[in-house]
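Down below is the structure, laid out as structure tokens.
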Amino acid sequence: MPETGVHSSYLNNEGKYHGLLAWLLTIDHKRIGLMYFFVVIAFFFIGAMLGLLMRTELLRPGEDIMGPQTYNGLFTIHGIIMIFVIVIPGLSVIFGNFFLPILIGARDVAFPRLNLLSFYLYLTGAILAVVSQFTGNGPPDTGWSFYVPYSSESSTNVIFALVAAVILGFSSILTGINFIVTIHRMRAPGMTFMRMPLFSWSIYSTAWIQVLATPIIGITLLMVIAERWLNIGFFDPALGGDPILFQHLFWIYSHPAVYIMILPAMGVVTEIFPTFSQKPVFGYTAIALSSLAIAIIGYFVWGHHMFTSGTSYLSRLFFSLLTFLVAVPSAIKVFNWVSTMYGGSIDLKPPLLYAIAFIFLFMIGGLTGLIQGALATNIQVHDTSFVVAHFHYIIFGGMGFAAFAGIHYWFPKMFGRMYNFRMANIAWGIIFIGFNLFYFPQLIIGMQGMPRRYFDYLPQFSTGQFISSIGAYIMVSGLIMMLINLIYGRYHGTIAPANPWKGGTLEWQIPSPPPVENFETIPHITRRPYFYGDNE
Amino acid sequence: MNETSPHITGYITYVIVLTFLLVMTFLSVAVTSYHLGSFTVALALIIASIKVTVVLNYFMHLKSESLFLKLCVSGVFLLFALVIIITFIDYLYR
Amino acid sequence: MTTNHPVYTEHTDKEAGKLGMWIFLFTEMFLFGGLFLVYAVFRSLYSEDFHHAADELNTFIGTLNTVFLLTSSMTVAMSITAVQKKERSVALILVLTTLILASLFLVNKYYEWSHEFHYKIYPGSDVVRNMPRGELLFIGLYFMMTGLHALHVIIGMILLLICLVKIKTHQISDESHLLLDNAALYWHLVDLIWIFLFPLLYLIT
């Protein structure tokens, strides 16, 4: 019988070092996961505050609290932090690190010391990204996408930010290697690939993308540094180069990168739906294979970011077709999630609320993605707020809400305590309403012609911008409420049992919080994990 | 999770492989001194591919590795080739 | 109650170590892949210029360097055989030979680059700036690709040097030689990249 209450767990068991060193020099995947967790939350709030500053400027037309140069610097660092520090690593480094070994019945990842190195590379890159704001000739103003020729000409502190991104990329690569080898070599006896929990499948697919796509952004950003320092000419038309080649190279990574963001998110909600429906996942094989399909097909759609750049017609046709194709496995997952709930015994706890919101917001994000994927409509909406709203629906509404779902799901396991449900639900409601007030108007004004990355706008967009900014404030209040509720629960919440949600995967069979070695004895696996009550 | 029993490759095998690689190298230098147009480059690259395959299989022991690893290596080259081809759909048809 | 040992056991999973190294090699292949992509694009756009620029390179030195690297791949592969056969001194000689061949490669590179710098052939110089565009780009690619490659040669040499020390101190033996296996894999990758660089830079005349 798994124990509850105060016992020796990864939180208080010190091992070789003591105090702070026991955290800074740990090689326990759970402690590393927790350290990532705190760093990610801290930088998320920095990124969110940067966003809020932008929304404040956009509240009314005209220059209010900042001029255009400052605004450009803000959307650049907001993007760099949110993309490279939060959403690309996010779910993999927090929940992948904490739970992947437990889910497959292992005591740790394949290379625990490499894991710690990944963490410190990540921390270094994240800090450098912020420091880039304060050194050199001012914060970079190129946008997180560093498009040439501006990024090779801008007098601001571009190289600093590029180096930060390269270091963060290296961290991502090492984590990917670690997770692939972990899944191949450390599954418990009897756990075949087709008996793994689906979150592990999503981490597996993600890890392959991390490994095969990230090096390209590494070399591309090095090429931009070479442009700035050596005038190497690859992207400079005056020297015979092609700026569109940069866009190709950039998006060859950055499109698969969005699948790095969303696949673990899909994995998280795939764990939540069966648990809170007390019913096995509908279509296990379809979900597992569609994760791989998204990773593979997603490698070949990058040109849809470049439809108005001047690429060939044939190329545009090709990328548009592939873009529509890649939507299919995602849609398959949505059908499977909904079918999992159908006929189940629904328990509307906070994790499920966030997971259901995820489906709704992800679908808006996905459908608006298809509007951009079609060549004709793309011309209308490219580089407008429509695009901004699309990717915030997908990344924030999708991955963000899945992250909140995952935090609320795994919180009792990680900390051994439960948070207040009522406060969690209220925070959820405020965040959801705020989110939609924030981004839906941007879909509308984007279609009406409001450009993105502009610090000012024409009077006809005032109403939409105003509602959007108000929505942002409401949403952030909800986020703060959610955070306070969780912090309170961490220190004053009721002690959580080992399996508060009656989940079927391995993490619920061990104490909350888990002991250092995860399992007393490594379990022997005989079937898939999604069995509940009488379903055995 | 089987451990592959360590088979020890003899020194002579490696010498033979190197000889082959050196012959291929000199062949590619000789061949490219003739002007066969774009065929020259294709030939040089084919010879390079043969050398790469030999190094992978014999020096890096890919020949005796698992099917999974062999598929991964082929997959990596295939993926890279596809990325180049797709990029050229843009450049060739502008 | 409290445990004092690390969570993972001291026994290393050799298959895991090897798989991890192979996956790392894939990332290196894609790192260089980006440069090969740029090369392919500009070669197709500027074939004549690329021909002319490649002519300036010394094919003899390039071929010599290829011979050095291929031979060094053989010697490092042999060193694993030596370790497996418990022929420690042979292994040491072989790893040392690999390092010497690698150094010769770098010395050659140094002379090549010095020669080019002497004639002001490097990215950003006025000489290059006045060249036809395709030649300018070829030179940029040449320096970036061989430069990045040389950096990897140095990294590989450091790994092999560590192996040399560990063979000497019996930390690498017939029972446990994962580090040497992985260092050799990394070295072969450095060789693989050169096998493609050589014809693309030196032989397309």
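None of the figures in this text is laboratory data; all of them are computed from the coordinates on show. Owing to the predicted nature of the structure, the values given are computational and were not obtained by experimental measurement. Cβ placement follows ideal geometry from the backbone for every residue including glycine, while neighbour counts extend to all protein chains displayed.
For the protein assembly as shown, the extents of the C-alpha atoms along the principal axes are 78, 68, 45 Å, listed from largest to smallest.
Computing FRET efficiency as 1/(1 + (r/R0)^6) for C:LEU96 and A:SER312, where r is the C-beta to C-beta distance and R0 is 45 Å, gives about 0.25. Computed over chain C with a Gaussian network model linking Cα atoms closer than 10 Å, the most mobile of C:ASN130, C:ASN108, C:ASN182 is C:ASN130.
For a straight C-alpha distance cut-off of 14 angstrom, the aspartates and glutamates reachable from C:LYS18 (same-chain residues fewer than eight places away being disregarded) are B:GLU3, B:GLU65, C:ASP181. In this rough spin-label picture, where each label sits 7 Å from Cα along the Cβ direction, the C:LEU161-A:ASP347 distance is 6.0 nm. Sorting C:ILE61, A:ILE260, A:ILE102 from the fewest to the most surrounding beta carbons within 10 angstrom yields C:ILE61, A:ILE102, A:ILE260. Cross-link reach is defined here as a Cα-Cα straight distance under 20 Å, omitting same-chain residues fewer than 8 places apart; for A:LYS16 the lysines meeting it are A:LYS30. When chain C is treated as a Gaussian network with alpha carbon springs shorter than 10 Å, the biggest mean-square fluctuation among C:SER173, C:SER89, C:SER73 belongs to C:SER89.
When each of A:ARG453, A:ARG316, A:ARG31 is scored by the number of other beta-carbon atoms lying within 10 Å, the sequence from fewest to most is A:ARG453, A:ARG316, A:ARG31. Placing pseudo-labels 7 Å out from each Cα toward the beta carbon at A:LEU321 and A:TYR120 gives an inter-label distance of 5.0 nm.
Using the Karplus relation 6.51 cos²θ - 1.76 cosθ + 1.60 with θ = phi - 60°, the per-residue 3J(HN,Hα) values for region A:254-259 come to 5, 6, x, 4, 5, 7 Hz, with x marking Gly and Pro. Calculated FRET efficiency, A:SER145 to C:ASP126, Cβ-Cβ distance, R0 = 41 Å: about 0.80 to the nearest 0.05. Approximating the spin labels as points 7 Å out from Cα along Cα→Cβ, the C:GLU175-to-B:PHE88 distance works out to 5.4 nm. Restricting the chymotrypsin sites (Phe, Trp or Tyr not before Pro) of region A:320-407 to loop positions (DSSP other than H, G, I, E, B) with no more than 14 neighbouring Cβ atoms within 10 Å leaves A:TYR342. Taking square-rooted eigenvalues a ≥ b ≥ c of the alpha carbon gyration tensor, is region B:10-60 rounded, prolate or oblate, where a/c under 1.5 means rounded and, failing that, a/b exceeding b/c means prolate? Note, shape of region B:10-60 comes out oblate.
Taken as Cα centroids, region C:61-88 and region A:300-354 sit 49 Å apart, rounded to the nearest whole angstrom.
Count Lys and Arg as plus one, Asp and Glu as minus one, and take only other residues whose Cβ is under 15 Å from that of B:ILE16; the net charge is then +2. Can you classify region C:31-202 as rounded, prolate or oblate using the Cα gyration tensor, where a ≥ b ≥ c are the square roots of its eigenvalues, rounded means a/c under 1.5, and otherwise it's prolate if a/b beats b/c and oblate if not? Prolate. Residues whose amide H lies under 5 Å from that of A:THR384, counting only those 5 or more places away or on a different chain, are A:ARG452; hydrogens are built 1.01 Å from N in the peptide plane. Under 5 Å between amide hydrogens, built in the peptide plane, is the criterion, and for A:ARG417 it picks out A:ALA496 among residues at least 5 positions away or on other chains. Here is the list for region A:12-108: GluC sites (Glu not before Pro) lying in DSSP coil, each with at most 13 other C-beta atoms within 10 angstrom of its C-beta, are A:GLU63. Structural size metrics of region A:1-134, computed from C-alpha coordinates, are Rg and Dmax of 19.1, 65 Å.
Using 0.36 nm per residue and subtracting the Cα-Cα separation, the extra length available between A:LEU289 and A:ILE522 on full extension is 81.1 nm. Remark: A:GLU520, A:GLU507, A:GLU271 ranked as A:GLU520, A:GLU507, A:GLU271, counting other beta-carbon atoms within 10 Å and listing the fewest first. What does the charge count around C:ALA91 come to, taking other residues whose C-beta lies under 13 Å from its C-beta (Lys +1, Arg +1, Asp -1, Glu -1)? So the surrounding residues net to +2.
Restricting to Cα pairs below 8 Å that are 6+ residues apart, what does the relative contact order work out to for region C:31-202? Please round to a whole percent. It comes to 33 percent, rounded to a whole number.
Estimated purely from DSSP H runs of n ≥ 4, each contributing -39500 (n - 2.57), the mean residue ellipticity at 222 nm for the protein assembly as shown is -23000 deg cm²/dmol once divided by its residues. Distant-in-sequence amide contacts of C:ILE172, defined by a placed amide H-H separation under 5 Å and a gap of 5 or more residues or a different chain, comprise C:ILE167. For region A:20-47 versus region A:94-116, the inter-centroid distance based on Cα atoms is 14 Å.
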